[in-house]
Amino acid sequence: MTNLKRGDLVELNGQFAAVVGIEGDAGVPEGHVALFYGAVSEGKADVWTVPAEYPTLAHMPTFRH
């Protein structure tokens, strides 16, 4: 199991993503997390599942308004 939780901002392969699912959620395999990179196709969010040890927590973002 991972320490990542839904809503965490993570980095994987130089890209940022938001954790939208964790192990135990529907569609997320054991030992994996579900990541949303911001891509949408056919009106639906593209979500990728990856092994939980691959992404790392991203540094705190800069908030802008």
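The values are calculated or read from the model by the stated rules, or taken from the named source; none is laboratory data. Keep in mind it's a predicted model, so treat the numbers as computed, not measured. FYI the Cβ positions are ideal-geometry reconstructions off the backbone, even for glycines, and counts take in every protein chain you see.
Tabulated results
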{"quantity": "Members of region 55-65 found to be surrounded by 14 or more Cβ atoms within 10 Å (Cβ to Cβ) and either touching a Cys at 6+ places or on another chain (Cβ under 6 Å) or not aliphatic (A, V, I, L, M) (or both), listed by number", "calculated": "Pro55"}
{"quantity": "Answer residue from region 1-12, given it is of a type outside the set (Val, Ile, Thr) and not in a loop (DSSP other than H, G, I, E, B) and is nearest to Trp48 (Cα to Cα) among those", "calculated": "Leu12"}
{"quantity": "Those residues of region 26-44 which are in contact (Cβ under 8 Å) with a residue 12 or more places away in the chain and either of a type outside the set (Gly, Ala, Ser) or farther than 16 Å from Gly7 by Cβ (or both), in sequence order", "calculated": "Gly27, Val28, Pro29, Gly31, His32, Val33, Leu35, Phe36, Tyr37"}
{"quantity": "Any chance Gly7 is surrounded by 12 or more Cβ atoms within 10 Å (Cβ to Cβ) and at pLDDT 95 or above", "calculated": "no"}
